[in-house]
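Have a look at the structure below before the remarks.
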Amino acid sequence: MTSHALAHQESVRTALEMSIKRRPNPDSDGLSEQDALWPQRLRRIVRARLAYWGRPNLIDKAELLLTELATNALRHGTGHKVGVRVFFHAGRCVIEVDDGSPTRPELRHAGLDDEGGRGLLLVESLAEEWGVSDDGTTTWCTLPLTEGPEEVQPAAATTPVFREIRLELPADPSAAGSARIQARTMLTMAAWPGNQRHAIDVLHTLVENAVQHALAPGKADQPFGACLRFTETDELLIDVTDPVPHFPDFDQAVAGESGGGLWEIAQEGVELSWFVASSEFDAKTVRAVVRPGPVDL
C-alpha cells in the first residue's frame, strides 16, 4: 500500500471516521490547551470502537499509533481540521490521519535530551507498515489482523446507520417480554417499513437466548441490553448484548445442531453474527440484520 487510496475500495470496513477542529495557540509552537485534550479522547474512542468490532488484540498498539499521528497533526498541521480514520482492509487495520498540510513528515532520531521528535520512530517500531500519501497531507500506518477468536466480525449493514434506539431491559426472565413491548412501540414510532412483527420475533428470540444462556440469576450490574439501529436503506440491525464474551457453538446453533432459535431466524433470511462488545466488561453482542421487504412467515 502506498497511500490512503484503500479507503475508496468496496471491501473496506470503517471502524472510526471523524474530523477534529484545530484550535492552535498563535503564541506557542506547542499544542493549545484545547488541542491537547484530543489525544486522550481519541484513545478512549478508538478503544471503544475496536472493542465493538471484536478487535481487543489491536487496542494497545492502535491507541499509541493513533495518538502519536494525531498529536503530530495537531501540532504541525496547517489545515483548520484534522481528519482521523480507522478501517479494516485485506487483513490489516489501517490508521490514517490527515493534517491538511502538504509538508511531508520526516522520521528523525531525537537526541537523549530532546523532549520530542520520537513520534514517528514509535510508529515505525509498532506498525507493520507506515507511509505518507502522495499529496503529503495524510500519514497512515497498518497493523495485521491476527487469527483467532477476535476474527469474528459483526454482520455489516450495506449503508450507514443514521439512528439507533436503546432498549432498557431487566436482567431477568421478564426481559424478552419487555423487549417485545418496547420494540413494538419503537418500530411503530420510527415508521420502519419492514415486517415489524417478524423483527419483534427476532429480537424476542435473541433476548430469550441471552437470558437463558448468559445471565447469572440475581447478579447485579451485568452488561445486558438491546439496541435497534436503522440504516439509510431501511435495514434494521438488532443487537443484544450479554455478559458472556464467547459463543463457541454459534455456527452449530445457526445450523440447527444445538437448539432451534437461531436456526429458525437464519432460515427466514436474517443474517446473524456475534462479536466481542466490550473488552473492559467481558461482554458479547449477538447481531441480526433484518432487511426490509416481505417475509414468508
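The values are calculated or read from the model by the stated rules, or taken from the named source; none is laboratory data. Just so you know, these numbers come straight off a predicted model, no measurement behind them. A quick note on method: Cβ atoms are made from the backbone with ideal geometry, for glycine too, and the neighbour counts reach across all protein chains shown.
Specify which of the listed residues (VAL276, VAL240, VAL286) is more than 19 Å from ALA175 (Cα to Cα), surrounded by 22 or more Cβ atoms within 10 Å (Cβ to Cβ) and not assigned by TED's automatic domain parsing to the domain that holds ALA51. It would help to see each step written out before you state the result.
On the way: VAL240 fails: more than 19 Å from ALA175 (Cα to Cα); VAL286 fails: more than 19 Å from ALA175 (Cα to Cα).
The unique qualifying residue is VAL276.
Residue by residue through segment 205-225, note down the ones that are of a type outside the set (Gly, Ala, Ser) and more than 9 Å from PRO243 (Cα to Cα).
If we filter segment 205-225 for residues that are of a type outside the set (Gly, Ala, Ser), which is where we start, we get 205-209, 211-213, 215, 217, 219, 221-224.
Of everything in segment 205-225, those that are of a type outside the set (Gly, Ala, Ser) and more than 9 Å from PRO243 (Cα to Cα) turn out to be THR205, LEU206, VAL207, GLU208, ASN209, VAL211, GLN212, HIS213, PRO217, LYS219, ASP221.
Which of the residues belonging to segment 159-196 are under 21 Å from PRO292 (Cβ atoms), exposed (fewer than 12 other Cβ atoms within 10 Å of the Cβ) and among the charged types (D, E, K, R)?
Matches in segment 159-196: ARG163, GLU164.
Can you pull out the strands (runs of 3 or more DSSP E) entirely within segment 198-297 that have at least 2 residues that are within 20 Å of THR188 (Cβ to Cβ) and under 17 Å from the mean Cα position of the chain (by Cα)? Step through it out loud before you land on a result.
Values: elements: 225-231, 236-242, 271-278, 283-290.
In segment 198-297, the matching strands (runs of 3 or more DSSP E) lie at 225-231, 236-242.
Table: residues versus (1) of a type outside the set (A, V, I, L, M); (2) closer than 18 Å to GLU271 by Cβ.
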{"site": "THR185", "(1), (2)": "yes, no"}
{"site": "ALA191", "(1), (2)": "no, no"}
{"site": "HIS198", "(1), (2)": "yes, yes"}
{"site": "ASP201", "(1), (2)": "yes, yes"}
{"site": "ASN209", "(1), (2)": "yes, yes"}
{"site": "GLN212", "(1), (2)": "yes, no"}
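Looking only at segment 45-68, filter to residues that are of a type outside the set (A, V, I, L, M, F, W, C) and over 12 Å from the mean Cα position of the chain (by Cα); which one of those is farthest from MET18 (Cα to Cα)?
Initial filter on segment 45-68 (of a type outside the set (A, V, I, L, M, F, W, C)): 47, 49, 52, 54-57, 60-61, 63, 67-68.
Checking which are over 12 Å from the mean Cα position of the chain (by Cα) leaves us with 57, 60-61, 63, 67-68.
Values: ASN57: 22, ASP60: 20, LYS61: 19, GLU63: 15, THR67: 14, GLU68: 16 Å.
Once the filter is applied, the top-ranked residue is ASN57.
Restricting to segment 75-91, what's the tally of residues that are touching a strand residue (DSSP E or B) at 6+ places or on another chain (Cβ under 6 Å) and surrounded by 17 or more Cβ atoms within 10 Å (Cβ to Cβ)?
Within segment 75-91, the subset touching a strand residue (DSSP E or B) at 6+ places or on another chain (Cβ under 6 Å) is 81-88.
With surrounded by 17 or more Cβ atoms within 10 Å (Cβ to Cβ) added as a condition, the list becomes 82-88.
Number satisfying all stated conditions: 7.
When residues of segment 1-31 are filtered for being in a loop (DSSP other than H, G, I, E, B) and at pLDDT 85 or above, how many remain?
The total comes to 2.
How many residues, within segment 104-145, are within 17 Å of PRO39 (Cα to Cα) and either outside any strand (DSSP E or B) or at pLDDT below 80 (or both)?
7
Collect the residues in segment 44-70 that are of a type outside the set (A, V, I, L, M, F, W, C) and at pLDDT 90 or above, keeping them in residue-number order. Break it down into steps so the answer makes sense when it comes.
The first filter runs over segment 44-70 and keeps only residues of a type outside the set (A, V, I, L, M, F, W, C), leaving 44, 47, 49, 52, 54-57, 60-61, 63, 67-68.
LYS61, GLU63, THR67, GLU68, listed by residue number.
Being assigned to a helix (DSSP H, G or I) and in contact with an Asp or Glu (Cβ under 6 Å, 6 or more places away or on another chain) is the filter; apply it to segment 48-75 and report the residue that is nearest to ALA127 (Cα to Cα).
Step one: of segment 48-75, the residues assigned to a helix (DSSP H, G or I) are 48-52, 56-75.
Filter once more, keeping what is in contact with an Asp or Glu (Cβ under 6 Å, 6 or more places away or on another chain): 57, 73-74.
Values: ASN57: 14, ALA73: 18, LEU74: 20 Å.
Among those residues, the one meeting the criterion is ASN57.
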